[in-house]
Each structure stands twice: as structure tokens, then as C-alpha cells.
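This report concerns only the one structure given below.
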Amino acid sequence: MLQFDLFPEIEKERIKVLNSQHLRQGDFVVYWMQATQRTENNQALDYAIMIANKLNQPLLVYFGITNSYHEANQRHYYFMLEGLKEVQNSLKEKNIQFLIQNLSPELGICDVAKNASAMVVDAGYTRKEKQWRNYVGSQISCPLLQIECNVVVPVELVSSKEEYSAATIRRKIMKLVTKFLVLNKQPVLQKTKIKKDFSSFELSDLDKAVQNLNIDKTVKRVKTFHGGTSQAKQHLKLFIEKKLDKYNQRNDPTNDVLSNMSPYLHFGQISPIYVASKVLESNNPAMDAYLEQLIVRRELAFNFVFYNNNYDSFDGLPEWTKKSFNEHKNDIREYIYSLDQLEKAKTHDVYWNAAQKQMLITGKMHGHMRMYWGKKIIEWTKDPKTAYKYMLYLNNKYELDGRDPNGFTGVAWCFGKHDRPWKERPIFGKIRYMNANGLRRKFNIEEYVKKIASLT
């Protein structure tokens, strides 16, 4: 039997065996690409190539496009397909066959696996992603090996439990980060010809490809961001050269100093290790502040989603926050807005409306405004559980990085997750409060409103 940890180029801690099947004599090795939609700095792809070379077999890369991914719509699919088209071209240059099917991935990959000697998959952390992988592991007759590619340090290695805050996880990550912050050279596939012919979903015309999908087409694609590794690298280069030295001004929504990496990280179109490595190479004085967000805060979010089964509901919050909200759930609200009013940015607050419009138009809201946006939804809905549902719905529907561990954690943070108790007040109890006066005091918030108005 092949020892799956015999390739030192891939840290053994990234590898997790998802079933008990033994290696068998198939026609090829298959890499089930799902969360890591890139060919560069992709440890799962590299690992699959190494196994294929060891077995002297070709490699098939598989991607399944489901029409029914929860809360995903045309905005998300278009961005994803732009990236997958780039993946397709890159794999073709490497003489690696890429099979895309308009089929729920856990079903399509099981059919492909009938001819496979072994299967490699990238790691997923949300409920649906874990369900897919567990189902496939139980159905196929070859080994299923999962490789963690979208975090710097493997989640279960950092901690065996849900962490309380950034302070508790930071020291655990910092002990390990140097070992895992390594970029490896990609191996070359030796045997490239697969005997079996596959019919793949066509990506030559993306507009046509999207139209051929039976998906929600009510939320249109954005013009601000385009998907793909090359686009991600352009944004990163611009950030390091023009913005990073001003990163301490990131909370000001009138300043364009953010990296814009979150949509690309969400779809796995760029590696967080690559991003961190390039930022470290810059030796910029502000790099530590950015790496705190990229590694510590982001991987705290993955920890939350991985270990808390209720990561997407009010029930997943800490007991102290739920108790505090419940004590104030009957407090009088000056304003109560319906979901439709919030979705259409029809509130009395011009700052909040601007933030909502930024998300509607560009697919990405400024980070500080996202916090303000969430706090106001708590204040303007009939109870905290309704606020939680509204916030997740809007975030996941319109943000390019919606349905992401960072997004789920950002919503939970508005309700006190990873935060501490504050002075008690109506509606919020002991949960942190934000108001318009704070925006006016800290920033030229009127300039932000004008900036968003110019987008329409």
C-alpha cells in the first residue's frame, strides 16, 4: 500500500484520510477540486500529481458545479467561472485534463471515482462542504485524501476546540506559523494521457455558460471585481506597492487601502501562504498589522466555523451574549425595518444606506462600515434572532465573499462573538454598540456617502 505521507514537500499535518479504502489499480488519479480553485500554490493539486507520478498514471482534475448551492447566485457563479476558466487554461498548459460538470459535485465525483486509483480533495469547513466530503468518502472504493490548502496552519493542529478570542488563538498559531509559511515548487505530471473520454462543461463563452446554469439570476455580476488568480495577484501587487504603508488607516471608509483579497481567498483563487509571503517580502512596517488580519483573525474564523455546528445561527453565540440580548429583546426600538426595506437601502440613516448600496453595487462593503451596518440591523429589527437572519441573508446574497467562514464570523462578531462585554445599554445589553456620531467623529463620513453615490 502506498504511504500517503511519503512526500515531504507536503506537510503531513495538512493530510487527512477521509475513508479506510486501500489503493487500487485504476486508470488514473483524480483531484476533486472544490474549495481551492487555482493551480498555483495548491498543495492538493501538487499532492495529486505526486501520487500520479508514483503510480505512473495520468491525473484528472474534477470540478462539479451545483445549481443549488445555498444562497449563491449569478454574482457568485460568474466570479467563480472567471476563475475556473483560468484554471482550465493553466491545466491545459500542464497537460492535465480538467473535467467540469454541471452536476452536484458529490454525485459527479462518485461516478468518476469508479475508474480512479486514488482521490485527493481540498479541505472544506462549512457544513455543506464537510457533508459532501463525508458522503463521497463513504461511497467510493478508493482512498480519499484531504489536503488543507486555504489556511496557513491546519485548523485542527492549531486547536482541538473552539477558541474564545484572537488572544487565545494567536499564541497557538504563532508557535506553528513559520513551519507552514512555505511555498513549494509544483511537480510536473509525467504521464498525461487518459484513455477515457469525458464531456466537460463549456467555459469558452462565460455569458452563455452562466445562462446555461439553472441558478438565481436576479443578482447581477459586478464590474468592480473579476475572478481568477491573475486578477488576485494584480490586486495584491497594487496593495503592496501603493496601499500597504497606509494600512493603519484601513478603518477609514474614505481611504482605499484594503487588499481586496477576501473574494479571491473565498473561492480559493489565491493562496493565503502566497499572500503572506509576498507581504513579508515587502518588509513594509505595516506588514504585521496586515498579517494579523490575514492569518490570526481569518484562521480564528475558520476555527469558529469548523468547531461550532451552529456557526450560522443565533444559537451558536456565546452564552453571555445570548443572555444579554434576551434580557433586552423587548426593549423599545425607535425604528423597525422590514427585510425588503433594508435590502433596498430604504432607512433613515444615509451612512447605513451608503454601506448597503456599496455592497449591492460592488459586491464588497468596506470592513468598518460592515461592522456599523451589522450593529444597526440589530437595533432596527424586532428581535436579535430576526436581526441575525437578516444579516446573514444580505451578506451571503450580495457579498462576493458571502457564505465564507469570515462572513459567518463577521456577523457573529456584531453579536458579541470574539468580543468582550461592554457597558450595558438598551437593546444591545452588554454587546458593543456603534452609532453615527462615532462615524462623524472619526471620519469624513459625508465623503464616503458621496463616493458611493457616484457609483450608481
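The values are calculated or read from the model by the stated rules, or taken from the named source; none is laboratory data. Predicted model only: the values in this text are computed from it and were never measured. Because the Cβ atoms are built from the backbone with ideal geometry, glycine has one as well, and the counts that use them run over all protein chains shown. Each accessible area value is taken on the protein alone, full model and side chains, heavy atoms only, with ligands, DNA and RNA left out. Shrake-Rupley method; radii C 1.70, N 1.55, O 1.52, S 1.80 Å.
Matching residues to (1) touching a strand residue (DSSP E or B) at 6+ places or on another chain (Cβ under 7 Å); (2) over 25 Å from residue 203 (Cα atoms); (3) open to solvent by 20 Å² or more (accessible area, probe 1.4 Å):
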{"site": "110", "(1), (2), (3)": "no, no, yes"}
{"site": "118", "(1), (2), (3)": "yes, yes, no"}
{"site": "127", "(1), (2), (3)": "no, yes, yes"}
{"site": "148", "(1), (2), (3)": "no, yes, no"}
{"site": "154", "(1), (2), (3)": "no, yes, no"}
{"site": "159", "(1), (2), (3)": "no, yes, no"}
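Only one of the listed residues (20, 104, 68) is over 19 Å from residue 200 (Cβ atoms) and either in contact (Cβ under 8 Å) with a residue 12 or more places away in the chain or within 17 Å of the chain's Cα centre (by Cα) (or both). That residue is 68. Here is the figure for the stretch 55-72: residues that are closer than 15 Å to residue 42 by Cα and of a type in the set (Gly, Ala, Ser) total 0. Of the set (1) closer than 22 Å to residue 103 by Cα; (2) buried (at least 17 other Cβ atoms within 10 Å of the Cβ), all apply to residue 46 but (1).
Within the stretch 221-233, the residues that satisfy the criterion of being at pLDDT 95 or above and in a loop (DSSP other than H, G, I, E, B) are 221, 222, 225, 226, 227, 228. Scanning the stretch 219-272 for residues that are basic (Lys, Arg), touching a residue at least 12 places away in the same chain (Cβ under 8 Å) and under 27 Å from residue 449 (Cβ atoms) gives 220, 221, 243, 246, 250.
Quick grid of which residues meet (1) closer than 21 Å to residue 399 by Cα; (2) surrounded by fewer than 17 Cβ atoms within 10 Å (Cβ to Cβ):
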{"residue": "197", "(1), (2)": "no, yes"}
{"residue": "209", "(1), (2)": "no, no"}
{"residue": "221", "(1), (2)": "yes, no"}
{"residue": "244", "(1), (2)": "no, no"}
{"residue": "273", "(1), (2)": "no, no"}
{"residue": "276", "(1), (2)": "no, no"}
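Screening 364, 322, 278, 346 for residues that are under 19 Å from residue 164 (Cβ atoms) and among the charged types (D, E, K, R) leaves exactly one candidate, 322. Considering the stretch 255-291 alone, what residues qualify as being among the acidic types (Asp, Glu) and either more than 16 Å from residue 233 (Cβ to Cβ) or under 17 Å from the mean Cα position of the chain (by Cα) (or both)? Selection gives 256, 288.
Looking only at the stretch 161-185, residues that are open to solvent by 50 Å² or more (accessible area, probe 1.4 Å), assigned to a loop (DSSP other than H, G, I, E, B) and of a type outside the set (Val, Ile, Thr) come to 6 in all.
Counting the residues of the stretch 304-319 that are open to solvent by less than 60 Å² (accessible area, probe 1.4 Å) and either touching a helix residue (DSSP H, G or I) at 6+ places or on another chain (Cβ under 6 Å) or farther than 21 Å from residue 171 by Cβ (or both) gives 10.
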